[in-house]
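Enquirer: Shown below is the structure under consideration.
The values are calculated or read from the model by the stated rules, or taken from the named source; none is laboratory data. Since the structure is predicted, the reported quantities are computational estimates derived from the model, not experimental observations. Every residue, glycine as well, gets a Cβ built from its backbone with ideal geometry; the counts of neighbours run over all protein chains shown.
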Amino acid sequence: MKPRIACAVACLIIFCIFFLEVSEATNAPKIRILEFTYIARVDDIPEGTKQISIWLPYPKNDANQKITPLRISAPCPASINKDGKYGNYILYLTVANPACRSIKVEMKFRVKRREYIRRDFDQMHIRIRNDFDPMMQRWLQPDRLVPIDDRIKILAEDVTRGKTSNLEKARAINDYTIASLTYDKSGTGWGRGDICYACDVRRGNCTDFHAVFIGFCRAVGIPAKFAIGFPLPAERGQGEIAGYHCWAEFYLKGYGWVPVDVSEAYKDPARREYFFGAHDENRVQFTIGRDIVLNPPQNGKPLNYFIYPYVEVDGKPFSSVQYKFLFKDLAIKNAN
(Lines give C-alpha, C1' and ligand atoms only; values in the text may rest on other atoms or scores of the structure.)
Protein backbone atom coordinates (compact mmCIF):
# COMPACT_ATOMS: atom_id res chain seq x y z
CA MET A 1 0.00 0.00 0.00
CA LYS A 2 2.81 2.39 0.95
CA PRO A 3 4.56 2.06 -2.46
CA ARG A 4 1.28 2.96 -4.16
CA ILE A 5 0.87 6.04 -1.95
CA ALA A 6 4.45 7.08 -2.60
CA CYS A 7 3.93 6.60 -6.32
CA ALA A 8 0.73 8.65 -6.25
CA VAL A 9 2.44 11.45 -4.32
CA ALA A 10 5.34 11.44 -6.79
CA CYS A 11 2.93 11.60 -9.73
CA LEU A 12 1.06 14.47 -8.09
CA ILE A 13 4.30 16.40 -7.57
CA ILE A 14 5.35 15.83 -11.17
CA PHE A 15 1.92 16.97 -12.40
CA CYS A 16 2.07 20.13 -10.27
CA ILE A 17 5.54 20.98 -11.57
CA PHE A 18 4.40 20.41 -15.15
CA PHE A 19 1.28 22.53 -14.61
CA LEU A 20 3.30 25.39 -13.12
CA GLU A 21 5.79 25.29 -16.00
CA VAL A 22 3.00 25.33 -18.58
CA SER A 23 1.21 28.13 -16.73
CA GLU A 24 4.38 30.22 -16.53
CA ALA A 25 5.09 29.64 -20.21
CA THR A 26 1.53 30.62 -21.12
CA ASN A 27 1.66 33.80 -19.03
CA ALA A 28 5.19 34.79 -19.98
CA PRO A 29 5.46 37.97 -22.06
CA LYS A 30 5.73 37.29 -25.78
CA ILE A 31 9.07 38.03 -27.43
CA ARG A 32 9.89 39.24 -30.92
CA ILE A 33 13.39 39.47 -32.40
CA LEU A 34 14.06 41.25 -35.67
CA GLU A 35 16.36 43.39 -37.73
CA PHE A 36 15.13 46.93 -38.28
CA THR A 37 16.50 49.20 -41.00
CA TYR A 38 15.93 52.97 -41.07
CA ILE A 39 16.84 54.70 -44.34
CA ALA A 40 16.84 58.47 -44.90
CA ARG A 41 17.73 60.24 -48.13
CA VAL A 42 18.09 63.98 -48.64
CA ASP A 43 17.35 64.89 -52.28
CA ASP A 44 17.58 67.98 -54.47
CA ILE A 45 20.26 69.64 -52.39
CA PRO A 46 20.52 73.23 -53.66
CA GLU A 47 23.66 74.24 -55.49
CA GLY A 48 25.99 76.31 -53.37
CA THR A 49 24.85 74.72 -50.11
CA LYS A 50 27.44 75.30 -47.39
CA GLN A 51 26.16 72.91 -44.73
CA ILE A 52 23.55 70.20 -44.31
CA SER A 53 22.58 69.05 -40.81
CA ILE A 54 20.71 65.75 -40.39
CA TRP A 55 19.05 64.44 -37.23
CA LEU A 56 17.56 60.93 -36.98
CA PRO A 57 15.80 59.34 -33.98
CA TYR A 58 17.88 56.52 -32.53
CA PRO A 59 16.16 53.80 -30.46
CA LYS A 60 17.36 53.05 -26.95
CA ASN A 61 17.23 50.15 -24.53
CA ASP A 62 14.53 50.03 -21.89
CA ALA A 63 12.77 47.39 -19.83
CA ASN A 64 10.80 46.22 -22.88
CA GLN A 65 13.30 46.34 -25.71
CA LYS A 66 16.98 45.65 -26.28
CA ILE A 67 18.70 47.41 -29.17
CA THR A 68 21.91 46.04 -30.68
CA PRO A 69 23.45 48.36 -33.30
CA LEU A 70 24.48 46.53 -36.47
CA ARG A 71 25.45 49.23 -38.93
CA ILE A 72 25.40 52.97 -39.53
CA SER A 73 26.13 54.00 -43.11
CA ALA A 74 26.67 57.71 -43.76
CA PRO A 75 28.88 59.90 -45.97
CA CYS A 76 30.70 61.27 -42.91
CA PRO A 77 31.14 60.45 -39.21
CA ALA A 78 27.99 60.70 -37.11
CA SER A 79 27.50 61.21 -33.38
CA ILE A 80 24.82 59.86 -31.07
CA ASN A 81 23.57 62.53 -28.69
CA LYS A 82 20.86 62.80 -26.06
CA ASP A 83 18.21 65.50 -25.92
CA GLY A 84 18.15 67.53 -22.73
CA LYS A 85 14.46 67.21 -21.85
CA TYR A 86 13.49 63.58 -22.45
CA GLY A 87 16.78 61.73 -22.86
CA ASN A 88 15.96 60.56 -26.38
CA TYR A 89 18.91 59.36 -28.44
CA ILE A 90 19.62 61.26 -31.65
CA LEU A 91 21.94 60.41 -34.53
CA TYR A 92 23.46 63.62 -35.87
CA LEU A 93 25.72 64.38 -38.79
CA THR A 94 26.67 67.46 -40.73
CA VAL A 95 28.02 67.65 -44.27
CA ALA A 96 29.97 70.74 -45.29
CA ASN A 97 29.96 71.91 -48.89
CA PRO A 98 28.21 68.77 -50.24
CA ALA A 99 29.53 67.75 -53.64
CA CYS A 100 26.43 65.82 -54.72
CA ARG A 101 22.70 66.52 -54.89
CA SER A 102 21.71 63.59 -52.66
CA ILE A 103 22.82 62.19 -49.28
CA LYS A 104 21.78 58.82 -47.87
CA VAL A 105 21.97 57.65 -44.27
CA GLU A 106 21.11 54.11 -43.18
CA MET A 107 20.86 52.61 -39.70
CA LYS A 108 20.36 48.91 -38.97
CA PHE A 109 19.60 47.41 -35.56
CA ARG A 110 18.82 44.08 -34.01
CA VAL A 111 15.75 44.53 -31.83
CA LYS A 112 14.47 42.25 -29.10
CA ARG A 113 11.02 43.45 -28.15
CA ARG A 114 9.09 42.13 -25.14
CA GLU A 115 5.36 42.33 -24.57
CA TYR A 116 4.67 44.91 -21.85
CA ILE A 117 1.79 44.00 -19.53
CA ARG A 118 0.82 45.72 -16.28
CA ARG A 119 -2.72 45.03 -15.21
CA ASP A 120 -2.45 43.31 -11.82
CA PHE A 121 -4.29 46.23 -10.30
CA ASP A 122 -5.04 44.31 -7.10
CA GLN A 123 -1.38 45.03 -6.28
CA MET A 124 -2.01 48.77 -6.41
CA HIS A 125 -0.33 49.57 -3.10
CA ILE A 126 2.42 46.96 -3.20
CA ARG A 127 5.42 48.45 -4.95
CA ILE A 128 6.99 45.47 -6.70
CA ARG A 129 9.57 47.65 -8.42
CA ASN A 130 10.64 51.26 -8.40
CA ASP A 131 8.60 52.97 -11.11
CA PHE A 132 9.17 56.54 -9.95
CA ASP A 133 9.95 58.86 -12.83
CA PRO A 134 12.06 61.95 -12.05
CA MET A 135 10.16 63.71 -14.85
CA MET A 136 6.80 63.19 -13.16
CA GLN A 137 5.97 66.90 -13.13
CA ARG A 138 6.67 67.13 -16.86
CA TRP A 139 4.07 64.43 -17.51
CA LEU A 140 1.45 66.65 -15.88
CA GLN A 141 2.24 69.70 -17.98
CA PRO A 142 0.68 70.71 -21.33
CA ASP A 143 2.24 70.35 -24.76
CA ARG A 144 1.88 72.97 -27.48
CA LEU A 145 -0.93 71.02 -29.17
CA VAL A 146 -2.18 69.41 -25.96
CA PRO A 147 -3.11 72.42 -23.81
CA ILE A 148 -4.75 71.97 -20.44
CA ASP A 149 -7.06 74.95 -20.65
CA ASP A 150 -10.53 75.47 -19.21
CA ARG A 151 -12.22 73.69 -22.10
CA ILE A 152 -10.10 70.55 -21.74
CA LYS A 153 -10.44 70.56 -17.96
CA ILE A 154 -14.24 70.77 -18.19
CA LEU A 155 -14.39 67.95 -20.75
CA ALA A 156 -12.08 65.75 -18.68
CA GLU A 157 -14.01 66.42 -15.49
CA ASP A 158 -17.28 65.53 -17.24
CA VAL A 159 -15.82 62.25 -18.50
CA THR A 160 -14.50 61.28 -15.06
CA ARG A 161 -17.40 62.55 -12.94
CA GLY A 162 -18.31 60.03 -10.24
CA LYS A 163 -14.98 58.21 -10.51
CA THR A 164 -12.97 58.26 -7.29
CA SER A 165 -9.65 56.57 -8.05
CA ASN A 166 -7.15 57.50 -10.75
CA LEU A 167 -7.49 53.99 -12.17
CA GLU A 168 -11.25 54.51 -12.59
CA LYS A 169 -10.65 57.93 -14.14
CA ALA A 170 -8.05 56.63 -16.60
CA ARG A 171 -10.39 53.80 -17.58
CA ALA A 172 -13.23 56.28 -18.15
CA ILE A 173 -10.98 58.47 -20.33
CA ASN A 174 -9.82 55.42 -22.28
CA ASP A 175 -13.39 54.27 -22.89
CA TYR A 176 -14.57 57.77 -23.80
CA THR A 177 -11.80 58.21 -26.36
CA ILE A 178 -12.61 54.90 -28.02
CA ALA A 179 -16.35 55.64 -28.05
CA SER A 180 -16.10 59.26 -29.19
CA LEU A 181 -13.39 59.23 -31.87
CA THR A 182 -13.27 57.49 -35.23
CA TYR A 183 -10.00 56.25 -36.69
CA ASP A 184 -10.10 58.17 -39.96
CA LYS A 185 -7.18 59.56 -41.96
CA SER A 186 -9.20 61.22 -44.70
CA GLY A 187 -8.97 64.92 -45.39
CA THR A 188 -6.54 67.19 -43.58
CA GLY A 189 -5.73 68.13 -40.01
CA TRP A 190 -5.28 64.64 -38.62
CA GLY A 191 -1.97 63.22 -37.41
CA ARG A 192 -0.73 66.28 -35.53
CA GLY A 193 -1.86 65.16 -32.10
CA ASP A 194 -3.92 68.33 -31.74
CA ILE A 195 -6.35 67.73 -28.89
CA CYS A 196 -8.61 70.63 -29.87
CA TYR A 197 -8.87 69.36 -33.44
CA ALA A 198 -9.63 65.84 -32.20
CA CYS A 199 -12.31 67.05 -29.80
CA ASP A 200 -13.91 69.17 -32.52
CA VAL A 201 -13.98 66.74 -35.46
CA ARG A 202 -13.85 63.53 -33.37
CA ARG A 203 -11.60 61.66 -35.75
CA GLY A 204 -7.93 61.14 -36.52
CA ASN A 205 -5.10 58.66 -36.23
CA CYS A 206 -3.15 57.26 -33.28
CA THR A 207 -1.54 60.65 -32.55
CA ASP A 208 -4.95 62.30 -32.20
CA PHE A 209 -6.42 59.48 -30.10
CA HIS A 210 -3.53 59.64 -27.66
CA ALA A 211 -3.58 63.44 -27.53
CA VAL A 212 -7.10 63.17 -26.11
CA PHE A 213 -6.19 60.40 -23.69
CA ILE A 214 -3.01 62.09 -22.46
CA GLY A 215 -4.54 65.57 -22.28
CA PHE A 216 -7.59 64.43 -20.33
CA CYS A 217 -5.43 62.40 -17.92
CA ARG A 218 -3.20 65.39 -17.21
CA ALA A 219 -6.23 67.65 -16.82
CA VAL A 220 -7.49 65.54 -13.89
CA GLY A 221 -4.05 65.17 -12.30
CA ILE A 222 -2.90 61.84 -13.75
CA PRO A 223 0.64 61.88 -15.19
CA ALA A 224 0.65 60.57 -18.77
CA LYS A 225 3.35 60.34 -21.40
CA PHE A 226 3.57 59.95 -25.16
CA ALA A 227 5.80 57.45 -27.00
CA ILE A 228 6.32 56.91 -30.71
CA GLY A 229 7.94 54.27 -32.87
CA PHE A 230 6.98 51.84 -35.59
CA PRO A 231 4.33 49.11 -35.73
CA LEU A 232 5.16 45.58 -36.83
CA PRO A 233 2.63 43.34 -38.59
CA ALA A 234 1.51 40.48 -36.38
CA GLU A 235 2.52 37.98 -39.05
CA ARG A 236 6.23 37.15 -38.83
CA GLY A 237 8.29 37.70 -41.94
CA GLN A 238 9.89 40.70 -43.58
CA GLY A 239 8.81 43.80 -45.45
CA GLU A 240 8.40 47.56 -45.46
CA ILE A 241 6.64 49.56 -42.75
CA ALA A 242 4.42 52.33 -44.08
CA GLY A 243 4.71 54.76 -41.19
CA TYR A 244 4.86 55.42 -37.47
CA HIS A 245 2.63 54.37 -34.59
CA CYS A 246 2.33 55.97 -31.17
CA TRP A 247 1.00 54.95 -27.77
CA ALA A 248 0.85 56.13 -24.16
CA GLU A 249 1.34 55.31 -20.49
CA PHE A 250 -0.30 56.75 -17.38
CA TYR A 251 0.96 56.68 -13.81
CA LEU A 252 -0.78 55.31 -10.73
CA LYS A 253 0.70 56.17 -7.36
CA GLY A 254 1.58 53.03 -5.46
CA TYR A 255 1.67 50.96 -8.64
CA GLY A 256 3.66 52.64 -11.40
CA TRP A 257 3.29 53.17 -15.13
CA VAL A 258 0.45 51.49 -17.01
CA PRO A 259 0.67 50.98 -20.81
CA VAL A 260 -2.31 51.81 -23.03
CA ASP A 261 -2.89 51.86 -26.77
CA VAL A 262 -6.21 53.57 -27.35
CA SER A 263 -6.17 53.60 -31.16
CA GLU A 264 -5.30 49.89 -31.39
CA ALA A 265 -8.13 49.17 -28.96
CA TYR A 266 -10.46 51.06 -31.30
CA LYS A 267 -9.24 49.20 -34.39
CA ASP A 268 -9.27 45.76 -32.74
CA PRO A 269 -12.41 45.48 -30.56
CA ALA A 270 -11.57 41.87 -29.65
CA ARG A 271 -8.47 43.16 -27.84
CA ARG A 272 -9.97 46.34 -26.43
CA GLU A 273 -9.56 45.09 -22.86
CA TYR A 274 -6.02 43.88 -23.56
CA PHE A 275 -4.75 47.29 -24.66
CA PHE A 276 -5.76 48.91 -21.36
CA GLY A 277 -2.71 47.71 -19.47
CA ALA A 278 -0.60 46.29 -22.29
CA HIS A 279 1.55 47.02 -25.31
CA ASP A 280 2.06 44.01 -27.53
CA GLU A 281 5.47 42.97 -28.82
CA ASN A 282 4.65 44.14 -32.34
CA ARG A 283 6.31 47.56 -32.13
CA VAL A 284 9.69 49.27 -31.79
CA GLN A 285 9.90 52.41 -29.67
CA PHE A 286 12.14 55.30 -30.79
CA THR A 287 11.35 58.44 -28.76
CA ILE A 288 9.12 59.87 -26.05
CA GLY A 289 7.56 63.29 -25.51
CA ARG A 290 6.39 66.22 -27.62
CA ASP A 291 7.87 69.62 -28.49
CA ILE A 292 11.34 68.18 -29.02
CA VAL A 293 14.50 70.27 -28.99
CA LEU A 294 17.23 68.23 -30.66
CA ASN A 295 20.90 67.92 -29.73
CA PRO A 296 22.60 69.90 -31.08
CA PRO A 297 19.58 72.22 -31.14
CA GLN A 298 17.88 72.85 -34.45
CA ASN A 299 17.40 76.40 -35.69
CA GLY A 300 13.76 75.65 -36.44
CA LYS A 301 10.99 75.47 -33.86
CA PRO A 302 10.67 72.47 -31.49
CA LEU A 303 9.46 69.33 -33.25
CA ASN A 304 5.88 68.28 -32.56
CA TYR A 305 7.23 64.74 -32.18
CA PHE A 306 10.37 63.06 -33.47
CA ILE A 307 10.16 59.93 -35.59
CA TYR A 308 11.06 60.97 -39.15
CA PRO A 309 14.33 62.56 -40.30
CA TYR A 310 14.79 66.26 -39.64
CA VAL A 311 17.11 68.22 -41.95
CA GLU A 312 18.35 71.79 -42.15
CA VAL A 313 20.19 73.32 -45.10
CA ASP A 314 22.28 76.33 -44.16
CA GLY A 315 20.32 76.63 -40.93
CA LYS A 316 16.83 76.44 -42.43
CA PRO A 317 14.38 73.50 -42.32
CA PHE A 318 14.54 71.41 -45.51
CA SER A 319 11.69 69.15 -46.59
CA SER A 320 13.04 67.25 -49.60
CA VAL A 321 13.65 64.14 -47.53
CA GLN A 322 12.64 60.57 -48.35
CA TYR A 323 12.57 57.69 -45.88
CA LYS A 324 11.98 53.97 -45.76
CA PHE A 325 11.65 51.50 -42.89
CA LEU A 326 12.25 47.76 -43.23
CA PHE A 327 11.96 44.81 -40.85
CA LYS A 328 13.05 41.19 -40.97
CA ASP A 329 12.05 38.75 -38.25
CA LEU A 330 14.72 36.49 -36.77
CA ALA A 331 14.39 33.12 -35.10
CA ILE A 332 14.07 33.21 -31.32
CA LYS A 333 16.90 31.00 -30.10
CA ASN A 334 16.98 32.30 -26.55
CA ALA A 335 14.25 34.41 -24.95
CA ASN A 336 16.57 35.72 -22.22
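Enquirer: Just to be sure, is ALA227 hydrophobic (A, V, I, L, M, F, W, C), in a helix (DSSP H, G or I) and in the same structural domain as TRP257 (by TED's automatic domain parsing)? Can you show your working first?
Expert: On the way: hydrophobic (A, V, I, L, M, F, W, C): yes; in a helix (DSSP H, G or I): no; in the same structural domain as TRP257 (by TED's automatic domain parsing): yes.
Taking the combined requirement at face value, the residue does not satisfy it.
Enquirer: Could you check segment 79-105 and list, in sequence order, the residues that are in a loop (DSSP other than H, G, I, E, B) and either modelled with pLDDT under 95 or surrounded by 14 or more Cβ atoms within 10 Å (Cβ to Cβ) (or both)? Lay out the reasoning, then the answer.
Expert: From segment 79-105, those in a loop (DSSP other than H, G, I, E, B) are 83-88, 97-102; that's our starting set.
Hits for segment 79-105 are ASP83, LYS85, TYR86, ASN88, PRO98, ALA99, CYS100, ARG101.
Enquirer: Okay, moving on. For CYS206, state whether it is buried (at least 18 other Cβ atoms within 10 Å of the Cβ) and over 22 Å from PRO259 (Cα atoms).
Expert: On the way: buried (at least 18 other Cβ atoms within 10 Å of the Cβ): yes; over 22 Å from PRO259 (Cα atoms): no.
Judged against the criteria, CYS206 is not a match.
Enquirer: Please verify whether ILE117 is surrounded by fewer than 19 Cβ atoms within 10 Å (Cβ to Cβ) and touching a strand residue (DSSP E or B) at 6+ places or on another chain (Cβ under 6 Å), treating the condition exactly as stated. Please lay out each step first, then the result.
Expert: On the way: surrounded by fewer than 19 Cβ atoms within 10 Å (Cβ to Cβ): yes; touching a strand residue (DSSP E or B) at 6+ places or on another chain (Cβ under 6 Å): yes.
Against the criterion (surrounded by fewer than 19 Cβ atoms within 10 Å (Cβ to Cβ) and touching a strand residue (DSSP E or B) at 6+ places or on another chain (Cβ under 6 Å)), ILE117 qualifies.
Enquirer: Could you list, in sequence order, all residues of segment 280-312 that are surrounded by fewer than 18 Cβ atoms within 10 Å (Cβ to Cβ) and of a type in the set (Val, Ile, Thr)?
Expert: VAL293
Enquirer: Out of all the residues in segment 244-279, which are surrounded by fewer than 22 Cβ atoms within 10 Å (Cβ to Cβ), part of a loop (DSSP other than H, G, I, E, B) and at negative phi?
Expert: Scanning segment 244-279 gives TYR244, LYS253, TYR255, ASP268, ARG272, GLU273, TYR274.
Enquirer: Does segment 301-313 include one or more residues that are assigned by TED's automatic domain parsing to the domain that holds VAL95, farther than 22 Å from VAL111 by Cα, out of contact with any strand residue (DSSP E or B) (no Cβ under 6 Å at 6 or more places or on another chain) and part of a strand (DSSP E or B)?
Expert: no
Enquirer: Between residues in segment 62-78 that are outside any strand (DSSP E or B) and residues that are acidic (Asp, Glu), which pairs lie under 9 Å by C-beta distance while being six or more apart or on different chains?
Expert: Note: pairs meeting the criteria are ASN64/GLU115; ASN64/GLU281; ALA74/GLU106.
Enquirer: Any idea which of ALA224, ALA219, ALA248, ALA211 is within 15 Å of ILE173 (Cβ to Cβ) and either over 17 Å from the mean Cα position of the chain (by Cα) or charged (D, E, K, R) (or both)? Talk me through it step by step, then tell me what you get.
Expert: Working: ALA224 fails: either over 17 Å from the mean Cα position of the chain (by Cα) or charged (D, E, K, R) (or both); ALA248 fails: either over 17 Å from the mean Cα position of the chain (by Cα) or charged (D, E, K, R) (or both); ALA211 fails: either over 17 Å from the mean Cα position of the chain (by Cα) or charged (D, E, K, R) (or both).
Going through ALA224, ALA219, ALA248, ALA211 in turn, the sole match is ALA219.
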